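The values are calculated or read from the model by the stated rules, or taken from the named source; none is laboratory data. Only a predicted model underlies this, so the values are computations on that prediction, with no experimental measurement involved. Cβ: placed from backbone, ideal geometry, glycine included. Neighbour counts: every protein chain shown.
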Amino acid sequence: MRVIKLSKENLFPFLEVISEKTGLWAPVRKPNSGHVFKEIDDFAQIDLDYTRTILPPKKIFLPPSFNMFKASKNNYEEDFSHVSPKILFGIHPCDIHGLLIMDRFYSYVFDDPYYSKARDNTLILGHSCWPDENCLCKSTNTHIVEEGYDLFFTDLKDSYLVWIGSSKGDDLIRVKAELFDENIAEKDIQNFIQWREERDEAFQTEINFSAMPDLMELKYNDTLWEKLGDACLACGSCTNVCPTCNCYNVHDKPALGEDSSQIVRCWDACTLENYSEVAGGENFRKKRSDRLKLWYTHKLQAYISKYGKPSCVGCGRCIATCPVDINVKTVAHTLDGDKVDSFWNRFHEEVRK
Amino acid sequence: MNQEKLKIGIYELTGCAGDALLILDCEKELIDIFNAVDIQSFLMAKSDNIEGELDVALVEGSVTTEKEIEELKDIRKRAKLVVALGLCATVGGIQARFGDREEWEENYKKVYGDIDMTHTRPVQSKPIDEYIEVDYYLPGCPIEKEQFLNFFTRFLKGNPPEKSQNPVCVTCKYNENDCLLKKGVLCLGPVTSDGCGSICINHNLPCIGCWGPLDVANRTAEFYLLQEKGYDVEEIKKKMANFSGTKIAEFFKKVGKEKR
Ligand code: SF4
Ligand code: SF4
Ligand code: SF4
Ligand code: SF4
């Protein structure tokens, strides 16, 4: 790992040369809406002043819905059209950690070529950020990155400190090395230390993740789950927006007038009604409360027990998204004994009780 | 060869004919459709219609007259399988909102007075499954090309798709829209059947529920959430009723009477 410096006016010239032959993806603001990662054709669209995109970058590696292959009686044609060389610029530490968790899922027993080919073809250029009231990454210890990026840009107002995290990242720098400054002055280091301290103090939300596996176990039959199930709209949004949710469904799309079929793969969500339905019509998690229990077991317990860290990377998307305030913050705080202000709590108190 | 083709009939009861029109609007695929099956009856498309035995009847529209009840029962007798095509056939349509008999009679009197109908007598609008057994449902107002072609093709190949149990929110998130409901807009996405491609929200308009009520939706939570967001009870009920036909009449009887 090596750190160099880039003055702010040199950022776009740098992006311009490296994206000559490679698609550049970066955060842009959607009209009347939030931020999204999008392929850039005009640098003026890039908006680095964002906290979180609506969907995490998993959509670039496995789009919400795509053709896996075309099958006919005697033929089989794989479709990797979502795979192309890409540079993903402006991704925050939580999302880099999200991808590292995805890497584990999709290579755990078998390698998933649809994921890994897209992953291998994408350079990760991270960017520092500033927490809002929903950011939890300090609690999940994903506010800093030690791996998982090719370059990482820390914004120190007038210039960037640029971490080189891989040999591919180093190659990128060499494309236009004259834009960078190898000499980091004492003042730059001081600025970085100050930035880090201030950033760490800016977090407004804390979760005691290390207590969660025990509390999940102890409160497995708590009335909390019924309260959550009562208010949950089963919309699947929390699951679709979570950078570490990875379930999918596969269905056939036969072609009219020819003997072939597209095999389509799309995101699935365990919070939806028919996720746990099996052949014969049996459904093992017909109750919303059971489905939420599964989701939170995944985020707060199972992964911690296995890998020593939660499968929540603290991005805050479930908080920003769930219409009835069921999210990792209100659930973890309730498990920890706090009384939280949320629609699901009020719904229980005022309507259901 | 011709004998092996499935015999199909496409019928329209009371509706806007949008679903039948949509089938004709599949211009690129129309020749393939007509080649793949034997279309026996399709009033909007041709005049030499034969009313005999059918493998599949696709029925659009809700039942609003005594004559239509007879027609529908006759179709059921002749067809091995019946598919409800579009919102009106599936739930009764906008013309069936609230599903309250008294209210219907009152409205009817207001519009028509005491005249005696000679051709056929009107009845309160109902979905087709109030009178006959329905094998498959294709919701939508109108149905959508991709959905119809996928259903049609899978059906032909002996593997008809299940009705989606997802709400509009799923596709809304696929399309990376910020949630309007979270921002306080009256969006019915969570209680509405998926399939339209979340087209309204993609244009920054809330879902008004035109694909009809989702069977498994948590309507009670949506109802109280909208109240908390500041909407008036009557307004919420009206919006929820618009495209729900008779299917959520039970919900309307109970809602608002929960213990507070
Ligand atoms: S659980 Fe919520 S905060 Fe954690 S990674 Fe998923 S969406 Fe982000
Ligand atoms: S917890 Fe919230 S976001 Fe998730 S399915 Fe339920 S209502 Fe939707
Ligand atoms: S905007 Fe409407 S359809 Fe989209 S996620 Fe929110 S509630 Fe669902
Ligand atoms: S009203 Fe709802 S169901 Fe109808 S097209 Fe719009 S988003 Fe889709």
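If the requirement is being modelled with pLDDT under 95 and hydrophobic (A, V, I, L, M, F, W, C), which of these qualifies: A:Ala302, A:Ala320?
On inspection, the qualifying residue turns out to be A:Ala302.
Suppose we filter segment B:140-167 for residues that are away from ligand 4 (no atom under 16 Å from the Cβ) and of a type outside the set (Ser, Thr, Tyr); how many remain?
Final tally of qualifying residues: 13.
Is it true that A:Phe80 is surrounded by fewer than 19 Cβ atoms within 10 Å (Cβ to Cβ), at pLDDT 95 or above and either on the phi < 0 side of the Ramachandran plot or not in a loop (DSSP other than H, G, I, E, B) (or both)?
For A:Phe80, the condition - surrounded by fewer than 19 Cβ atoms within 10 Å (Cβ to Cβ), at pLDDT 95 or above and either on the phi < 0 side of the Ramachandran plot or not in a loop (DSSP other than H, G, I, E, B) (or both) - is met.
Consider B:Gly256 against the criteria (1) more than 23 Å from A:Trp344 (Cβ to Cβ); (2) more than 9 Å from every other protein chain (Cβ to nearest Cβ): it satisfies all of them except one. Which criterion is unmet?
With (1) more than 23 Å from A:Trp344 (Cβ to Cβ); (2) more than 9 Å from every other protein chain (Cβ to nearest Cβ) applied to B:Gly256, the lone miss is (1).
Filter segment B:202-220 for residues that are in a helix (DSSP H, G or I) and either closer than 16 Å to B:Ala249 by Cβ or within 15 Å of ligand 2 (Cβ to nearest atom) (or both) and give the result.
B:Arg219, B:Thr220
For segment B:245-253, does any single residue satisfy the condition of being assigned to a loop (DSSP other than H, G, I, E, B) and within 15 Å of ligand 2 (Cβ to nearest atom)?
There is no residue in segment B:245-253 that is assigned to a loop (DSSP other than H, G, I, E, B) and within 15 Å of ligand 2 (Cβ to nearest atom).
How many residues, within segment B:57-100, are among the hydroxyl-bearing types (Ser, Thr, Tyr) and under 9 Å from the mean Cα position of the chain (by Cα)?
2
Applying the selection to segment A:33-70, what residues are closer than 30 Å to A:Glu258 by Cβ and either modelled with pLDDT under 95 or not small (Gly, Ala, Ser) (or both)?
A:Leu62, A:Pro63, A:Pro64, A:Phe66, A:Asn67, A:Met68, A:Phe69, A:Lys70 - these are the residues of segment A:33-70 that are closer than 30 Å to A:Glu258 by Cβ and either modelled with pLDDT under 95 or not small (Gly, Ala, Ser) (or both).
Can you name every residue in segment B:33-57 that is buried (at least 18 other Cβ atoms within 10 Å of the Cβ), of a type outside the set (Ser, Thr, Tyr) and free of Cβ contacts under 8 Å to residues at least 60 places away in the same chain?
B:Ile39, B:Gln40, B:Phe42, B:Leu54, B:Ala57
Consider segment B:188-215. How many of its residues are at the interface with another protein chain (Cβ under 10 Å from one of its Cβ atoms), among the hydrophobic types (A, V, I, L, M, F, W, C) and either closer than 25 Å to A:Phe37 by Cα or surrounded by fewer than 16 Cβ atoms within 10 Å (Cβ to Cβ) (or both)?
Count: 1.
Does segment B:130-137 include one or more residues that are within 12 Å of ligand 4 (Cβ to nearest atom) and either within 14 Å of chain A (Cβ to nearest Cβ) or farther than 28 Å from A:Lys30 by Cα (or both)?
No, segment B:130-137 contains no residue that is within 12 Å of ligand 4 (Cβ to nearest atom) and either within 14 Å of chain A (Cβ to nearest Cβ) or farther than 28 Å from A:Lys30 by Cα (or both).
What single numbered condition from (1) outside any loop (DSSP other than H, G, I, E, B); (2) more than 14 Å from every other protein chain (Cβ to nearest Cβ); (3) surrounded by fewer than 20 Cβ atoms within 10 Å (Cβ to Cβ) fails to hold for B:Gln227?
Answer for B:Gln227: the failing condition is (2).
Would you check if there is a residue in segment B:148-170 being at the interface with chain A (Cβ under 8 Å from one of its Cβ atoms), within 16 Å of ligand 1 (Cβ to nearest atom), more than 24 Å from B:Val91 (Cα to Cα) and in a loop (DSSP other than H, G, I, E, B)?
No: segment B:148-170 contains no residue that is at the interface with chain A (Cβ under 8 Å from one of its Cβ atoms), within 16 Å of ligand 1 (Cβ to nearest atom), more than 24 Å from B:Val91 (Cα to Cα) and in a loop (DSSP other than H, G, I, E, B).
Those residues that are assigned to a helix (DSSP H, G or I), more than 8 Å from ligand 3 (Cβ to nearest atom) and more than 7 Å from chain A (Cβ to nearest Cβ), I need them from segment B:172-183; list them, please.
Matches in segment B:172-183: none.
Does at least one position in segment B:86-101 carry a residue that is outside any strand (DSSP E or B), modelled with pLDDT under 90, acidic (Asp, Glu) and out of contact with any Lys or Arg (no Cβ under 9 Å at 6 or more places or on another chain)?
Yes, segment B:86-101 has at least one match.
For segment B:9-62, name all the residues that are within 17 Å of B:Cys141 (Cβ to Cβ) and touching a helix residue (DSSP H, G or I) at 6+ places or on another chain (Cβ under 6 Å).
Once the filter is applied, which keeps residues that are within 17 Å of B:Cys141 (Cβ to Cβ) and touching a helix residue (DSSP H, G or I) at 6+ places or on another chain (Cβ under 6 Å), segment B:9-62 yields B:Glu12, B:Leu13, B:Gly15, B:Asp19, B:Val59, B:Glu60, B:Gly61, B:Ser62.
Do we have any residue at all in segment A:319-340 that's away from ligand 3 (no atom under 16 Å from the Cβ), within 14 Å of another protein chain (Cβ to nearest Cβ) and not hydroxyl-bearing (Ser, Thr, Tyr)?
Scanning segment A:319-340, I find no residue that is away from ligand 3 (no atom under 16 Å from the Cβ), within 14 Å of another protein chain (Cβ to nearest Cβ) and not hydroxyl-bearing (Ser, Thr, Tyr), so the answer is no.
Could you tell me whether segment A:289-312 includes any residue that is facing chain B (nearest Cβ under 10 Å), crowded, with 23+ Cβ neighbours inside 10 Å and touching a residue at least 60 places away in the same chain (Cβ under 8 Å)?
no
In segment A:58-112, how many residues are in contact (Cβ under 8 Å) with a residue 24 or more places away in the chain and among the hydroxyl-bearing types (Ser, Thr, Tyr)?
So the count comes out to 4.
With respect to A:Val340, is the statement that it is among the hydrophobic types (A, V, I, L, M, F, W, C), over 22 Å from A:Met102 (Cβ atoms) and in a helix (DSSP H, G or I) true?
Judged against the criteria, A:Val340 is not a match.
Looking at A:Ile319, A:Ile326, which one is within 16 Å of ligand 2 (Cβ to nearest atom) and outside any helix (DSSP H, G or I)?
A:Ile326
Please find, within segment A:205-253, the residue that is farthest from ligand 1 (Cβ to nearest atom) out of those that are β-branched (Val, Ile, Thr) and in contact (Cβ under 8 Å) with a residue 60 or more places away in the chain.
Looking at the filtered set, the residue picked out is A:Val250.
Looking at segment A:125-154 only, could you name the residues that are surrounded by fewer than 17 Cβ atoms within 10 Å (Cβ to Cβ) and either under 21 Å from A:Ile193 (Cβ atoms) or in the same structural domain as A:Thr330 (by TED's automatic domain parsing) (or both)?
A:Trp130, A:Asn141, A:Ile144, A:Glu146
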